[in-house]
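Worksheet: the structure to be examined is printed underneath.
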Amino acid sequence: SADRTSCGSCPAGTFVFNETSCEFCSQGKYAPSAQTDDCLVCDEGYFTGTQYGSTVCNGCEEGKFSAGLAVNCTDCLAGTYSASRASTCTNCSEGSYSATDAAFAC
């Protein structure tokens with residue numbers, strides 16, 4: 001049997017690669033605890049907040065969006081808006097407007 005006396009645990013923000021090393025999560029992925037083979041995908045409407053080795057995936061605030069695998073959320077442009085955890089911004093309906101970026105309503 002394999003000698004397991006030198007086995008260690010990988011930290012949060014990493015995944016176990018080939019049972020030989022701990023590798024940091026890549027952009028847009030996260031691991032609250034070490035994962036096997038790859039980290040978890042941070043989906044549309046969410047962001048990791050760090051380029052590599054993220055331990056969290058948080059929802060975008062109102063007025064912001066992400067297309068997935070995002071480090072940060074992007075502001076909706078003037079004339080559009082979004083609710084929290086949005087994957088896209090929505091155009092204001094005819095007769096309404098948002099004069100500033102990052103609007104959560106028109």
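Key figures for this structure:
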| read-out | value |
| --- | --- |
| ALA12 vs. criteria within 11 Å of SER87 (Cα to Cα), part of a loop (DSSP other than H, G, I, E, B), of a type in the set (Gly, Ala, Ser) and over 8 Å from the mean Cα position of the chain (by Cα) | no |
| Candidate set from the range 43-100 (those that are among the aromatic types (Phe, Trp, Tyr) and assigned to a loop (DSSP other than H, G, I, E, B)); member that is farthest from the chain's Cα centre (by Cα) | TYR97 |
| Matching option when the condition is under 21 Å from ALA31 (Cα atoms), among the aromatic types (Phe, Trp, Tyr) and either open to solvent by 40 Å² or more (accessible area, probe 1.4 Å) or at pLDDT 95 or above (or both), among PHE104, PHE47 | PHE47 |
| Contacts under 7 angstrom Cβ, first residue in the range 18-32 being under 16 Å from VAL56 (Cα atoms), partner among the hydroxyl-bearing types (Ser, Thr, Tyr) and open to solvent by 80 Å² or more (accessible area, probe 1.4 Å), 6 or more apart | PHE24/TYR52; CYS25/TYR52; SER26/TYR52; GLN27/TYR52 |
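The values are calculated or read from the model by the stated rules, or taken from the named source; none is laboratory data. Everything numeric in this text was worked out from a predicted model, so none of it was measured. When we count neighbours, we look across all protein chains shown, and the Cβ atoms used for this are built from the backbone with ideal geometry, even at glycine. Areas reflect the complete protein model, heavy atoms only, side chains present, ligands, DNA and RNA absent. Shrake-Rupley method; radii C 1.70, N 1.55, O 1.52, S 1.80 Å.
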